[in-house]
1. Condition first: under 23 Å from residue 67 (Cα atoms) and open to solvent by 90 Å² or more (accessible area, probe 1.4 Å). Now tell me which residues in region 9-24 satisfy that.
2. Would you mind stating whether residue 34 is open to solvent by 100 Å² or more (accessible area, probe 1.4 Å), in contact with a Phe, Trp or Tyr (Cβ under 9 Å, 6 or more places away or on another chain) and either not polar (S, T, N, Q) or not in a helix (DSSP H, G or I) (or both)?
3. Can you tell me how many residues in region 49-68 are exposed (fewer than 12 other Cβ atoms within 10 Å of the Cβ) and more than 15 Å from residue 30 (Cα to Cα)?
4. Only one residue in 72, 45 is more than 23 Å from residue 24 (Cα to Cα) and among the β-branched types (Val, Ile, Thr), so which one is that?
Amino acid sequence: MAMANLDKGEIMDQMKQQIAVANAQELLNQMTQKCFKKCVNKPGTSLDSSEQKCISMCMDRFMDSWNLISRTYGQRLQREQSKF
């Protein structure tokens, strides 16, 4: 069994990487759904310039918001951990 040769730290690192990939996929999926719903009123074979601009701005705002929330959550976790 391949896992028998891995130490606990390596297994944890692999799990963290898999979780990070899953989180990134979920973020991309949510962003795509929300921005498409907000910006594309009549789906067709291509996006017009206003739809492209809306999607670009929506994705930028979504990522900015996600980064802010992520940083704030990380800081909160650090504060909570330092109490112990």
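1. 15, 16, 17, 18, 19, 23
2. In short, yes.
3. 3
4. None of the other options fit; the residue is 45.
The values are calculated or read from the model by the stated rules, or taken from the named source; none is laboratory data. This structure is a prediction, so every number in the text was calculated from the model and none was measured. We place every Cβ from the backbone using ideal geometry, glycine too, and count neighbours over all the protein chains shown. To get the accessible areas, we keep the full protein, side chains included, count just its heavy atoms, and leave off ligands, DNA and RNA. Shrake-Rupley method; radii C 1.70, N 1.55, O 1.52, S 1.80 Å.
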